[in-house]
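Working notes, structure below.
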Amino acid sequence: LFRCRLDGDSCVADWQPVNLPAGQWNYYSYFFTHNDNLFFAVRRLADTVAPHQIYRMTNVGTWEHVCEMPRRLHAFGLAVMGHQLVVVGGCSDHACKRPSLSVYVIDLNDVCTGWHPLPALPCECIYPRVVVIDNTIHVLGYMNSERTYSTEVLSLDTTPSVSSGTTALSTTSQWSRNTIPQVPLVGCTPVVVNCQLVAVGGFIPGRFGDVQKSVFVYHSESGQWLPLPSLSTARR
């Protein structure tokens with residue numbers, strides 16, 4: 001793991017190696033970032049049935065243990081929603097033959113309250129990409145148990161829970177499969193830029209390995225994905 005601190009558009013130092021939390025870890029590890037924090041979900045080599053442990057690296061470069069995953073999962077998605085950590089989908093086995101439809105949330109300011117379930121996913125989501133925009137969770141770029149990528153975008157509006165200051169959603173909250181149209185490419189990487197959903201890279205459905213340079217932004221007013229200038233190299 002390497003880290004480089006940015007100052008505006010420039011790096012103020014070269015890339016420097018960063019030590020991982022103490023212990024022997026396996027390669028089934030998951031990294032994701034949020035603001036100045038790097039989150040790291042990892043499982044010890046010896047604990048073949050134990051859930052992942054979640055650590056957070058602060059902006060001063062130190063690791064702190066956050067919590068344990070809600071259950072044993074692989075190929076899951078992670079995102080931060082305000083002061084809440086969200087775990088989406090995945091599988092209960094390495095072979096990804098037992099997909100999980102579960103979604104969990106925990107309050108990072110009060111992890112002692114534990115994980116709380118959110119409405120279950122409407123379909124299998126293996127290796128999902130998860131982003132949050134305006135208190136709405138978006139899931140895309142995922143596969144099913146047959147290792148087929150989906151072009152659908154799943155969305156869950158969590159505004160009732162956030163506005164009330166609790167982790168419990170109203171019983172009427174459900175996942176939507178048609179709020180955002182299908183993404184042009186599958187296996188893309190979603191990012192949020194100025195509260196807009198951007199899909200970077202990926203490949204044409206049914207043509208795995210035909211990786212594209214395309215970038216699309218979702219235009220909410222027109223309800224369409226619009227192309228942006230392409231990447232210099234193909235990415236997925």
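What full-extension length gain, to one decimal in nm, is calculated for E146 and E64 as 0.36 nm per residue of separation minus the Cα-Cα distance?
25.8 nm
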With a ≥ b ≥ c taken as the square roots of the eigenvalues of the C-alpha gyration tensor of segment 63-165, please select rounded if a/c is under 1.5 and otherwise prolate if a/b is larger than b/c or oblate if it is not? oblate
On full extension of the chain, what length is gained from N178 through R71, given 0.36 nm per residue of separation minus the C-alpha to C-alpha distance? 35.6 nm
Provide the gained length on full extension for the span D110 to N194, in nm with one decimal, where the gain is 0.36 nm per separating residue minus the Cα-Cα distance. 27.4 nm
Virtual spin-label span in nm between A95 and L231, 7 Å along Cα→Cβ: 3.2
Simple spin-label model, 7 Å along Cα-to-Cβ: D134 to N19 in nm? 4.6
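Read-outs: derived from the displayed coordinates by stated rules, not from any lab. Nothing here was measured: the structure is a model prediction, and the numbers come from that model. Please note: Cβ atoms are built from the backbone with ideal geometry, for glycine as well, and neighbour counts cover all protein chains shown.
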